[in-house]
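The values are calculated or read from the model by the stated rules, or taken from the named source; none is laboratory data. This one's a predicted model, so the numbers in the text were calculated from it and none came from an experiment. In this analysis, Cβ positions are derived from the backbone assuming ideal geometry, glycine residues included, and neighbour counts consider all displayed protein chains.
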Amino acid sequence: MKKSTPARQLPYTVLGVLLLAFMLFPVYWMVNTSFQGGGTAASSSFFPTNPTFDGYERALSQQTDNLLTSIVVAAGTVLVSLAIATPAAYALARFRLRGIAIFAFGLLIAQMIPGIVIANSLYTLFNDVGLLNSIPGLVLADATHAIPFAILIMSAFMRSIPPSLAEAARVDGAGHFRAFWSIIVPVSRNSIITAGLFSFLFAWSDFIFALTLTTDETVKPITLGIYDYLEGNVQSWGPVMATAVMSSIPAIVLLVFAQRFIAAGALGGAVK
Amino acid sequence: MPAIAYVVIFFGYPVVKNLMMGFQEYTTRTFYTGEAPWVGLANYAEVVGSGIFRTTVVNTALFTVGSIAGQFVIGLLFALFFKRRFPLSNVLRSLLLLPWLLPVIAGTSVWKWILDQDSGVLNGILRDLHLASEPVPWLTSPDVALVAVVLVNVWLGIPFNTTLLYSGLQEIPEELYEAGALDGATGWKAFWHITWPNLRAVVNVVLVLGVIYTLKVLDIILGLTGGGPANATQTLATDSYRRSFQEFSFGTGAAVSNILIVVSLVFAVVYLRVNRRAVDE
């Protein structure tokens, strides 16, 4: 392809910006409405000419507990997922045990099982063991979403680590666990971060487990807070959109500050 | 291995349990009495025999086909567009991921507002452009609700499709196009004879994954319409939810979701075969 001058490429940039503006219009509209406060639906305009924080004030007064719940659940899911998935990913990448192939196959299939199936039976199980309406219950359920993904992402990377690296440590007298902890984990840091970020996003965005595995007000993530608004007849969209904006902050932060990890995850999770 | 134990408990157990529940009379009473009588195929007979079953199957098919067609075509156009490197193309391409990264329910909530019949901005724009004389009842009319739900799901799915297809396009060697250009293959011809055949493996993966993800969509529909109006947007996934968690008839809910699993598994097997072929080649 011939190198074209920047001037000739300008139309593409303009078109690209227009396409993106079209695609991101709903996000703009969310932010726009969130600053139009407690007014009624009819009074919203295209620009927040008189920005107010009324929507955020109302949203925070109703949703602060739910935001905290979401943070705790998401952080817990990251810990549980990484604790289980990191050694599993290493085993999957390194050892040729019988059953490993079946296990890898199971992980792929597991990612495809509809959440409603898992919710259906977890509800009855959690009901028996008293995990309904509890943060540990939600963490365990959310980890079902995060773990297969995390294992696949990390083992894809760990396969590229030369086996001699861990073997050298073993020769120096380190056990399997020490070799794993002091060699493999530091080397795989980037893929572990990617897996952790996505575990956080999965749990933060989770809706189906929050919806089905909680039945009262005690434990309610932010996604359910939004859903409660939608279920009723919304009179004022300002607070609803303010809540939606707050629930979007982790995604926006990740997109801005952790872009390379996101790109890695977006591809790795789907193609592997 | 703790991971194996975890997968067994949180995937193996639910699937098996769900299969069993499909054959049991499993209601809230079960939680107190601990009894869940075996009823054979009665749940399936009830589900398949109920008037709503036809509706949900048709809706699921329409929702899936409509979503995939929209996501894929627009995603492919975007991927082809971004393949031309131009100033800011990388920045724009990564910003495009935003709809996919937001919590689905947050995206759903703003769409519910945009599609609002009386004061939503979409009807406002249509009115100002004189494209619609009457406000369109996007989410409240059985005739258009499914279209509206598909529209939102297409919006959510475009980033995913674009990203995968773009990475597929990157792997096609530039020499192929250079050689093709010598033979007079440019523009549409180049797409048809060079891009498409080389992209086939990625296309298959994207389509099959898209189907699997679309089949299990629950949050978009519950948030926008709750399956209504008059079940116009009720799919297998939402019907399973409705039966289990609104009517507390876990047996029939499990039966519906088992049907959903079987459909997903068929596509999952297709996916694995396609993926393996893609790796072999």
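Let's see how each residue does on (1) modelled with pLDDT of 90 or more; (2) over 20 Å from the mean Cα position of the chain (by Cα); (3) within 12 Å of chain A (Cβ to nearest Cβ); (4) farther than 29 Å from B:Leu164 by Cβ:
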{"residue": "B:Ala45", "(1), (2), (3), (4)": "no, yes, no, yes"}
{"residue": "B:Val73", "(1), (2), (3), (4)": "yes, no, no, no"}
{"residue": "B:Leu76", "(1), (2), (3), (4)": "yes, no, no, no"}
{"residue": "B:Ser89", "(1), (2), (3), (4)": "no, yes, yes, no"}
{"residue": "B:Leu97", "(1), (2), (3), (4)": "no, no, yes, no"}
{"residue": "B:Val110", "(1), (2), (3), (4)": "yes, no, yes, no"}
{"residue": "B:Gly120", "(1), (2), (3), (4)": "no, yes, yes, yes"}
{"residue": "B:Ile125", "(1), (2), (3), (4)": "no, yes, yes, yes"}
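So which residues in the stretch A:87-110 are within 22 Å of the chain's Cα centre (by Cα) and either of a type in the set (Asp, Glu) or over 24 Å from A:Arg189 (Cβ atoms) (or both)? A:Gly106, A:Leu108, A:Ile109, A:Ala110, listed by residue number. All conditions but one from (1) facing chain A (nearest Cβ under 7 Å); (2) over 16 Å from A:Tyr28 (Cβ atoms); (3) part of a helix (DSSP H, G or I); (4) hydrophobic (A, V, I, L, M, F, W, C) apply to B:Phe82; the one that does not is (1). Residue check, B:Thr64 against (1) more than 17 Å from B:Thr163 (Cβ to Cβ); (2) part of a loop (DSSP other than H, G, I, E, B), all met but one. Which one? Here B:Thr64 meets the rest and fails (2). Candidates B:Thr252, B:Thr214, B:Thr238: the one that is in a helix (DSSP H, G or I), within 12 Å of another protein chain (Cβ to nearest Cβ) and closer than 20 Å to B:Pro159 by Cα is B:Thr214. With respect to (1) within 11 Å of chain A (Cβ to nearest Cβ); (2) surrounded by fewer than 22 Cβ atoms within 10 Å (Cβ to Cβ); (3) touching a helix residue (DSSP H, G or I) at 6+ places or on another chain (Cβ under 7 Å); (4) touching a residue at least 12 places away in the same chain (Cβ under 8 Å), the lone exception for B:Phe245 is condition (4). When you look at A:Val72, is it modelled with pLDDT of 85 or more, out of contact with any Phe, Trp or Tyr (no Cβ under 7 Å at 6 or more places or on another chain) and farther than 23 Å from A:Gly225 by Cα, yes or no? Judged against the criteria, A:Val72 is not a match. Being closer than 19 Å to A:Ala74 by Cα and of a type in the set (Phe, Trp, Tyr) is the filter; apply it to the stretch A:226-257 and report the residue that is nearest to the other protein chains (Cβ to nearest Cβ). My answer is A:Tyr227.
Within the stretch B:245-264, can you find the residues that are over 15 Å from B:Ala42 (Cα atoms), among the small types (Gly, Ala, Ser) and over 21 Å from the mean Cα position of the chain (by Cα)? Correct list: empty. Of all residues assigned to the stretch A:258-270, none qualifies as being among the aromatic types (Phe, Trp, Tyr), more than 8 Å from chain B (Cβ to nearest Cβ) and either over 15 Å from the mean Cα position of the chain (by Cα) or more than 22 Å from B:Asn161 (Cα to Cα) (or both).
Restricting B:Ser141, B:Ser119 to residues that are at negative phi and without any contact (Cβ under 8 Å) to a residue 12 or more places away in the chain narrows the list to B:Ser119. Test B:Val91 against the criterion of being more than 23 Å from B:Thr214 (Cα to Cα), part of a helix (DSSP H, G or I) and of a type in the set (Val, Ile, Thr), and give yes or no. Judged against the criteria, B:Val91 is a match. Of the set (1) more than 29 Å from B:Leu98 (Cβ to Cβ); (2) among the aliphatic types (A, V, I, L, M); (3) without any contact (Cβ under 8 Å) to a residue 60 or more places away in the chain, all apply to A:Ala251 but (1).
The condition (being within 10 Å of another protein chain (Cβ to nearest Cβ) and at pLDDT 85 or above) is satisfied by just one residue among A:Leu140, A:Leu92, A:Leu131: A:Leu140.
Only a single item in (1) surrounded by fewer than 16 Cβ atoms within 10 Å (Cβ to Cβ); (2) at the interface with chain A (Cβ under 9 Å from one of its Cβ atoms); (3) aliphatic (A, V, I, L, M); (4) under 16 Å from the mean Cα position of the chain (by Cα) is not met by B:Ala181, and it is number (4).
In the stretch A:32-43 there is at least one residue that is in a helix (DSSP H, G or I), surrounded by 14 or more Cβ atoms within 10 Å (Cβ to Cβ), within 14 Å of chain B (Cβ to nearest Cβ) and at pLDDT below 85. Hey, among the residues in the stretch B:186-211 that are within 13 Å of chain A (Cβ to nearest Cβ) and without any contact (Cβ under 8 Å) to a residue 12 or more places away in the chain, which one's surrounded by the most Cβ atoms within 10 Å (Cβ to Cβ)? The qualifying residue surrounded by the most Cβ atoms within 10 Å (Cβ to Cβ) is B:Thr186.
Residue by residue, here is whether (1) of a type in the set (Phe, Trp, Tyr); (2) without any contact (Cβ under 8 Å) to a residue 40 or more places away in the chain holds:
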| position | (1), (2) |
| --- | --- |
| A:Tyr56 | yes, no |
| A:Ala59 | no, no |
| A:Gln63 | no, no |
| A:Asn66 | no, no |
| A:Val73 | no, no |
| A:Val78 | no, no |
| A:Ile84 | no, no |
| A:Ala91 | no, yes |
